[in-house]
Each structure stands twice: as C-alpha cells, then as structure tokens.
Amino acid sequence: MDGPEIRRGIPKGSETRVAALYWEAFGRKLGAAMNPPDKARAFLASHLHHDRGVAALVDGEVAGVAGYQLAERALIGGGAGDILAAYGTLRGLPRLALLALMERRPAEGELVMDGIAVAPEHRGKGIGGLLLREIAGVAADHSCRRVRLDVIDVNPRARALYERHGFLPVHTEKTPYLRKLMGFGAVTTMHRPIAPGMTTNRQEA
C-alpha cells in the first residue's frame, strides 16, 4: 500500500465517515452538548463545510481529517437555529450555551485548527503529522502568520504531536467547572508560526 493521499477539502460522499471520525475523537468533549451519539453524528455529517477540512485518504477511504476555521467558516457548520431544530427548544437552549463555551474565532492573520482525527486502524503511521503540515500550507496560502489550536489537559498524546510539529504553548486556562461536565479541567492554547511562501504537495478534493 502506498502512503496516504492528502487532499484539501472533504470528498463528497464521505460526510458520514468524517462525522464518525470527528465524533470518535471529540465525543467526550462534545457529548454534553450534542448527545446522543447517533443524533450528534447525523448533525455533524449534515452540517459539514467541505472547503474547511484537509483529508488523508488510504485506498480511497478517509483515514484522517483536520478541520480549520477561516473567514468565519469552520469544518462543522450549523447555527443556533439548526441546533434548536435538531434537539428542540427546551433541550436545545442549554446545548447552545455549552457550545458557546467552546467557540473560538480567529484573530487577524490567524487560522484556527478546530480538530484533527485519525481512524484507530491508521494511527501511528504519520497521518496526523501530514495533516498538520497541510494545515500549515493552507494557512500560508491565505497569508496567515500563525496557526492556533487548543488542546485539553486529558489529551497529552495530541499535545505531544503538536509540539513535534512546531506548536508552542502560549496560555493555559484552568476550567475546573467543566471537568465533571465535559471531562477536562484545563485548556492550553498553542501557536505555530507560519513562514511566508510555505507550500505543500497535495490535491484538491
């Protein structure tokens, strides 16, 4: 088997697969706001912005995905009205409050990476690093000076991956009020500077 194919954009027809990968990676964090899992995965699949993700394909199947936020669009879309329509008003309003706690907007000259997920059977093969490199290329192509992401304290493997690929911690916010609700008690913001002219080899989806 050849190495993974890295593409910008989420391939059409892979929405359910990408939503499942995203939920497997972030369901613990998003569960309080989006459970039950079947409804959450369906919501994610139906509100994907295909142009705000980078995908790794192995034998034509999405093996990994990284989403990002740029120009007020992120990998996962859907507004307040969509949440209320999916969950109902009474159950939807508290969910909106929880999702608002996790909302992040890019500063000027900044691309925010809002999630990276690799299928369990493809981990340990360098796919995460390839996706991070491609995200850096996207940032460079949009004249961003840095990539920003947040990593929670219960995910040391992800933080180690980010550090290996040039991300530096700049701030840690203690969130003890979220430990019982979402399973983490601190969030660290990390930055990766982007050099002008950085390029990558990839294909558009």
Accessible surface of L130 - all protein chains present, 1.4 Å probe, nearest 10 Å²: 70
Suppose each label sits 7 Å from its Cα in the direction of the beta carbon; what would the H142-H171 distance come out to in nanometres? 2.0
Cα centre as origin, Lys/Arg/Asp/Glu Cβ charges: the chain dipole, Debye: 560
So what is the diffusion coefficient of the range 125-193 in µm² per second by Stokes-Einstein at 10 °C and 1.306 mPa s, using a Kirkwood Rh over Cα pairs? 123
Compute and list, largest first, the equivalent-ellipsoid semi-axes of the range 90-205 from the alpha carbon gyration tensor, each √(5λ) rounded to a whole angstrom. 27, 17, 15
Return the carbon/sulfur percentage of the accessible area of the chain, one whole number, probe 1.4 Å, all protein chains in place. 52
Ordering H165, H191 by how much accessible area each has at a 1.4 Å probe, largest first, what is the list? H165, H191
Full-extension gain in nm, D150 to A100, via 0.36 nm per residue minus C-alpha separation: 16.5 nm
Convex hull of Cα atoms in the chain, direction-averaged projection (nm²): 11.2
Can you tell me the FRET efficiency between A107 and R157 if r is taken as the Cβ-Cβ distance and R0 is 25 Å, rounded to the nearest 0.05? 0.35
Per residue, accessible area of the range 95-187 with a 1.4 Å probe, heavy atoms of protein chains only, in Å², comes to 52
Theoretical ellipticity at 222 nm over the chain - DSSP helices of four or more residues, -39500 (n - 2.57) apiece, nearest 500: -12000 deg cm²/dmol
Evaluate the Debye formula for the range 43-138 with equal point scatterers sitting on the alpha carbons, no solvent, and hand back log10 of I(q)/I(0) at q = 0.10, 0.15, 0.17 Å⁻¹, in q order, two decimals. -0.33, -0.69, -0.84
M182 - accessible surface, heavy atoms, 1.4 Å probe, Å² rounded to 10: 10
Taking 7 Å along the Cα-to-C-beta vector as the label spot, tell me the T89-L181 distance in nanometres, rounded to one decimal. 2.3
Would you work out which of L90, L161, V138 lies farthest towards the positive end of the dipole of the chain? Charges go on Cβ: Lys and Arg +1, Asp and Glu -1. L90
Compactness summary of the range 1-94: radius of gyration and Dmax from Cα atoms, Å, are 14.1, 50
For the chain, build the charge dipole from Cβ charges (+1 Lys, Arg; -1 Asp, Glu) around the Cα centre, then report which of G78, G109, N35 sits farthest towards its positive end. N35
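The values are calculated or read from the model by the stated rules, or taken from the named source; none is laboratory data. In this text the structure is predicted, and so the values were computed from the model without any measurement. Glycine also receives a Cβ, built like all others from the backbone with ideal geometry; neighbour counts cover every protein chain displayed. Side chains are part of the model used for accessible areas, which takes the heavy atoms of the whole protein and leaves out ligands, DNA and RNA. Shrake-Rupley method; radii C 1.70, N 1.55, O 1.52, S 1.80 Å.
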